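Please treat every number below as a calculation from the coordinates, not as lab data. None of these values were measured; they are calculated from a predicted model. Here the Cβ positions follow ideal geometry from the backbone for every residue, glycine too, while neighbour counts run over all protein chains shown.
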Amino acid sequence: MTLTRRSFLTAAGLSVAALGTAASCTSPTTANPGKLTLWYTSGGLADTVVADAGQRFGELYPSQVSGQLKQRLLAALAGEAYLPDITMLGDDIATYFADTAHFTDLRSLGADTVKDQYLPWKWRAGTSPDGFQLGFPIDVGPAALYYRHDLFAQAGFPSEPDDVAAAVPTWDAYFDFGRRLQEKLPGRHLITDTKTVYTYSMAQEPQKYFTRDNAYLGDAPQVRRAWDRALTAFRSGLTAGYAGSQDPGSSVERHAAWNSGKELSFVNASWIVGELKKSAPGTAGKWRVCRAPGGAGNQGGSFLAITKYCPRPDQAFDVVRWLLSPENQPRSYLEAGLFPTSPAAFTDPRLLAPEPFFGGQATMAVLGKAAREVKPAYFSPWDIAISDTFTDELANVELAGKDPGRAWDDARRSVERLLTRQGVL
Amino acid sequence: MATLTRPDAPVRVTTPPRSKRWRYLPQYLAIAPFFVLFAVFGLYPVLYSLYLALQRWDGVGPMKFVGLGNFQFLVTDPVFWDSIGNTLVIWVMSTIPMTALALLIAVGLHSSIRFKGAFRIAYFLPNVTSIVAMSLVFGSIFSSEFGILNWLLGLVGIDPVQWLTDPWAIRGAISIMIVWRWVGYNAIIFLAGLQALPSDVYEAARVDGAGPVRTFFRITLPLLRPVLLFSVVMSAISGLQIFTESQILLGNRGGPDEAGMTMVLYFYNNAFVNSDFGYGAAIAWGIFVVVVLFAVLNWRLIQRPGFLKAGR
């Protein structure tokens, strides 16, 4: 056959069409058919543990997704193609509770047999209101008070963890303590910003913004309480008010304040430690940790979930169970700062070793106790957006001089508008 | 219709209707790639976003039709109106100094200096630098207590500015980043314009005894008008889409007082951070309306009689 223009174009057209149909036929539901694809964010799982799992379970295909895991997951779910078999879900797991049809109920894979090995409140956070077990707990973020032992002592204040904890049992006591300490050490701050006060005050509450059957609590006393505490801290001049970074905790100003000793103390979840060590290595040995004023609270923490598109959910569950087993959690904590969700790990000798960065203190004693004491709470799909609205308005008061009364009204109005638009109210 | 023709009649070449339709197939195929790609990646998403704007959708579950509800919210949404205001303010705050500075640089580069090529590359470099990396660097530069900018201001006796917390300083900081990024690009455009100007006009001016300043304002500037217009239109196009500078410097929520909340950032925040895709699509269409208004304004400006004629 001679090659004419016509036959060439026909052939070209046909091959394009053939390619098109072939592609649409082979577009796989899961990203790597025959393998178990695991999506996790960088630092979301400990890399060596994942590598070991890869050795142990030959079919595992771990894939580290950058910060945009959620967007990739949503796109894959909407297209029902190139889906992971196992995926990480963040502390916004509640936003998937309405869409559990895309996932496998871990109870059907025997999750209840290991349930007792994990913190009950964390396990429950991965359960949807209708009882679907969506998430298997990776880590938690128990909050504690981090403070500068050397500077507290220098000012003649209580400086040993137990003494400090006893001196600041409540937020009010902490504010009072702060005022007195700041007189001794002017130009320094005991509180990062109004946002941390609000966030960690809410973290201690057993009830957040919604009831378990998604009824909005409106003007709930715990919200007002957290708001007033944040304002009190600001009005007393206790907050430093750093701003200007994607996640406000990692701002340049705050890192500088850690190094210069201007930030005397702060309340934060345990995941801050990695950042603290990295940004202020010169302060090693000077920090201590004690119980947070106001009691135990949790901020953040992720889960692993298995999609319903996974052809071998039992095997996937074996992988998940192994990755997050009480035996592997101490390694994950030491390597990636992933605080264990299994209380058995709190007493692991490796985690109870004295830590030079904290002057030889074994912080697990404090943090593990806090993690055990966290009260179970229900997080609705809208909690993060609502919390952001309130803390934005607090930042407006703290940094832009907004009238607190107006800020409160604006925050409430924004939340109501948001919930009305979403069809909740 | 088949008609019988006498065998001795001259053969008339007629194309049957079917082959007529297919005769231009190769040509159509040749231009098809653009239209196919446009339909898939341009037209379809545009139409789909209009459909999406009428729905409530979290990106996973079923969509729920809400009619014009999203648009009703949009027009009463104070944050959206603020974001339009912020975008326009930042655009003005960046375009005016940038144009002036770019002109100055262009005139400087136009005069006979050494290492011209090196200077041109140096000025153009910010335009092709990773904007995310630069925003992180600027984050340190603008740091209120430890930033180099406040240190420099301190040297000349100016009080430190709260670059990332004061609402107006935030807009200033974003504008500075935009100026930094686009000044070289515009200087190169102006330089091209300058080089195209006829030299006889300048010779005449010199003969008439006009000094350099007078020549600049009376001859260079009026002759450069079309180029200036081009640069303003280009800066309007990029100015209405300000996003990365705000997002990296201030986060998804625009910083204190939402001073850095631009239209596109608000869209991103709703669609991709809050997974509120229906409302996000509605915001996108709101942005579209603003851009259309701007385009009409631009068009009217250019269509004004004698606008492009230099004021000789």
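Below is a table of values for the structure above.
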{"quantity": "Modelled FRET efficiency - R0 45 Å, A:Thr347 with B:Val156, Cβ distances, 0.05 increments", "calculated": "0.15"}
{"quantity": "Under 5 Å, built H, 5+ apart or other chain: amide partners of A:Asn268", "calculated": "A:Ala144, A:Tyr146"}
{"quantity": "DSSP H segments from chain A that extend 27 Å or more along their own axis, Cα-based, with Kyte-Doolittle mean of 1.6 or above", "calculated": "none"}
{"quantity": "Residues A:Leu134, A:Leu304, sorted so that the one with the fewest Cβ neighbours within 10 Å comes first", "calculated": "A:Leu134, A:Leu304"}
{"quantity": "Förster radius 51 Å - calculated FRET efficiency between A:Asn32 and B:Arg206, Cβ distance, rounded to 0.05", "calculated": "0.10"}
{"quantity": "Chain B: relative contact order as a whole-number percent, Cα under 8 Å and 6+ apart", "calculated": "26 percent"}
{"quantity": "Shielding of B:251-261 by partner chains, average beta-carbon count, 10 Å", "calculated": "5"}
{"quantity": "Distant-in-sequence amide H partners of A:Thr41 (H built 1.01 Å from N, under 5 Å)", "calculated": "A:Val65"}
{"quantity": "Antiparallel content of DSSP bridges confined to the protein assembly as shown, in %, to 5", "calculated": "70 percent"}
{"quantity": "Percent of beta bridges antiparallel (DSSP, chain A, rounded to nearest 5)", "calculated": "65 percent"}
{"quantity": "Using a Förster distance of 51 Å, the FRET efficiency for A:Asp52-A:Glu160 (Cβ separation, nearest 0.05)", "calculated": "0.85"}
{"quantity": "Loop GluC sites (Glu not before Pro), segment A:327-419 (other Cβ atoms within 10 Å of the site Cβ: 15 or fewer; DSSP)", "calculated": "A:Glu327"}
{"quantity": "Inter-chain shielding of A:395-405 (mean C-beta neighbours from other protein chains, 10 Å cut-off)", "calculated": "4"}
{"quantity": "Nonlocal amide H pairs with A:Gln422, under 5 Å, H built at 1.01 Å", "calculated": "none"}
{"quantity": "Convex hull of Cα atoms in the protein assembly as shown, direction-averaged projection (nm²)", "calculated": "48.2 nm²"}
{"quantity": "Given A:Lys208/A:Lys375; A:Lys122/A:Lys278; A:Lys115/A:Lys195; A:Lys195/A:Lys262, the pairs whose alpha carbons are separated by over 22 Å", "calculated": "A:Lys122/A:Lys278; A:Lys115/A:Lys195"}
{"quantity": "Backbone HN-Hα couplings from phi across segment B:162-177 [Karplus 6.51/-1.76/1.60, Hz, Gly and Pro as x]", "calculated": "7, 4, 10, 10, 7, x, 6, 5, 4, 4, x, 4, 5, 4, 4, 5"}
{"quantity": "Per-residue Cβ neighbour rank within 10 angstrom, fewest leading, A:Val252, A:Val140", "calculated": "A:Val252, A:Val140"}
{"quantity": "Fewest-first ranking of A:His189, B:His110, A:His149, using other Cβ atoms within 10 Å as the exposure measure", "calculated": "B:His110, A:His149, A:His189"}
{"quantity": "Segment A:312-354 and segment B:90-129: distance between their alpha carbon centers, rounded to Å", "calculated": "56 Å"}
{"quantity": "10 Å Cβ shell holding at most 10 others, DSSP loop, chymotrypsin sites (Phe, Trp or Tyr not before Pro): longest site-free stretch of chain B", "calculated": "B:116-312"}
{"quantity": "Sparse-neighbourhood loop sites, chymotrypsin sites (Phe, Trp or Tyr not before Pro) in segment A:59-126 - DSSP loop, at most 16 other Cβ within 10 angstrom", "calculated": "A:Tyr82"}
{"quantity": "Under the Karplus curve 6.51 cos²θ - 1.76 cosθ + 1.60, θ = phi - 60°, whole-Hz ³J(HN,Hα) for segment B:81-96, x wherever Gly or Pro sits", "calculated": "5, 4, 5, 5, x, 4, 4, 5, 4, 5, 4, 5, 4, 9, 5, 5"}
{"quantity": "Convex hull volume per residue for segment B:80-146, taking Cα atoms only, in Å³", "calculated": "140 Å³"}
{"quantity": "Estimated Rh, chain A: Kirkwood, alpha-carbon pairs, angstrom", "calculated": "23.5 Å"}
{"quantity": "Residue-averaged [θ]222 nm for the protein assembly as shown, counting only DSSP H segments that reach four residues, each worth -39500 (n - 2.57)", "calculated": "-16500 deg cm²/dmol"}
{"quantity": "HN-Hα J in Hz across segment B:136-152 - Karplus 6.51, -1.76, 1.60, θ = phi - 60°, x for Gly and Pro", "calculated": "5, 4, 5, x, 6, 4, 7, 3, 6, 9, 10, x, 6, 5, 5, 5, 5"}
